[in-house]
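The values are calculated or read from the model by the stated rules, or taken from the named source; none is laboratory data. The structure displayed is predicted, hence computed values, not measured ones. Cβ atoms come from the backbone with ideal geometry, glycine included; neighbour counts cover every protein chain shown. In case anyone asks, the SASA skips ligands and DNA or RNA and just uses the protein heavy atoms, side chains included. Shrake-Rupley method; radii C 1.70, N 1.55, O 1.52, S 1.80 Å.
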Amino acid sequence: MASTSLAALPSQLASPGRLRPRRGRAALSSTARPHVLLHRAPRGGSRCRLAVTCNAQAVAPTSIAQGTPVRPTSILVVGATGTLGRQVVRRALDEGYDVRCLVRPRPAPADFLRDWGATVVNVDWEGKVALIQCAKAMGIQKYVFYSIHNCDKHPEVPLMEIKHCTEKFIQDSGLDYIIIRLCGFMQGLIGQYAVPILEEKSVWGTDAPTRIAYMDTQDVARLTFIAMRNEKATKKLLTFAGPRAWTTQEVITLCERLAGQDANVTTVPVAVLRFTRQLTRFFQWTNDVADRLAFSEVLSSDTVFSAPMSETYQLLGVDANDILSLEKYLQDYFTNILKKLKDLKAQSKQTDIFF
């Protein structure tokens with residue numbers, strides 16, 4: 001999952017309404033990664049243990065003067081170009097907030113964010129380090145951090161360990177916060193399963209019974225803003241999960257039914273993932289690959305990435321029937337894409353010339 005953070009408005013503030021977005025100063029949060037000290041402990045035998053140290057005290061320097069006041073309708077989104085980040089930006093602009101986005105410099109610029117009406121600022125590593133300090137000094141009213149479900153149960157996975165460490169760091173920072181753990185995004189299934197099936201390409205999966213309660217990122221963004229305006233959600237750790245948890249095979253079967261054709265499934269045994277991860281640990285230049293495989297291994301285990309949502313719905317005043325199901329999401333996708341393909345085929349026939 002992409003690391004997305006959101007800095008927020010006063011917790012007592014009501015929605016500003018459907019106003020025309022204005023460019024203005026931003027307010028919010030950060031991935032607290034720079035404040036997580038990560039190092040690899042010396043190998044003892046054949047295992048390499050990750051040691052993560054959280055230092056929440058380092059982000060509250062007493063020498064920083066009070067910053068410029070921030071308008072209560074201003075929001076800063078860190079990680080705004082990701083799958084969830086762009087939905088948060090879109091939702092904030094639609095609700096009339098002034099949105100500023102911090103993005104990493106990249107060959108493909110985030111022009112679409114500017115086109116929507118957001119202000120885009122490139123940030124380097126040092127900027128990330130200073131961001132949480134600025135949030136504290138400026139009196140940011142709400143800090144929203146997106147984490148991963150069950151991250152506290154997998155310290156062997158660097159991404160999940162950093163997420164958990166960041167959670168603890170935020171809780172000790174003195175800021176008002178909301179931590180939201182996520183299970184999985186529906187949008188990721190399009191490129192992983194739907195498109196390959198339509199193009200008759202291989203679909204990759206594992207033989208593990210992992211179940212994931214996928215959620216539409218638009219629903220995640222909507223619930224986030226409801227939570228930010230709800231005083232009862234302050235300093236809460238919430239988990240957002242979709243209506244049902246699905247196995248890989250169940251998702252593939254659903255896509256096959258909606259596409260009207262069979263998938264070419266290539267199964268990768270979990271044992272192969274484990275062996276590959278252990279092998280890549282031996283070389284420094286493949287450490288990043290090993291870390292990614294560690295996360296993939298968790299996703300390919302018998303872990304259930306889901307959580308009961310009844311209490312969360314009650315807390316936020318949300319009707320469970322308003323949350324998009326995976327069946328409806330994929331049905332809408334395949335209906336639209338198949339209609340477009342049919343229209344393109346019809347247009348192609350109309351332009352054929354026979355001699």
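Which of (1) touching a residue at least 40 places away in the same chain (Cβ under 8 Å); (2) open to solvent by 40 Å² or more (accessible area, probe 1.4 Å) does L175 not meet, given it meets every other one?
(2)
Suppose the filter is among the β-branched types (V, I, T), at pLDDT below 95 and at negative phi; does T247 pass it?
So T247 fits the description; yes.
If you go through the range 321-335 one residue at a time, do you hit one that is open to solvent by less than 40 Å² (accessible area, probe 1.4 Å), farther than 16 Å from Q218 by Cα and either in a helix (DSSP H, G or I) or touching a residue at least 24 places away in the same chain (Cβ under 8 Å) (or both)?
yes
If I go through the range 185-213 residue by residue, how many of them are open to solvent by less than 10 Å² (accessible area, probe 1.4 Å) and on the phi > 0 side of the Ramachandran plot?
Number of matching residues: 0.
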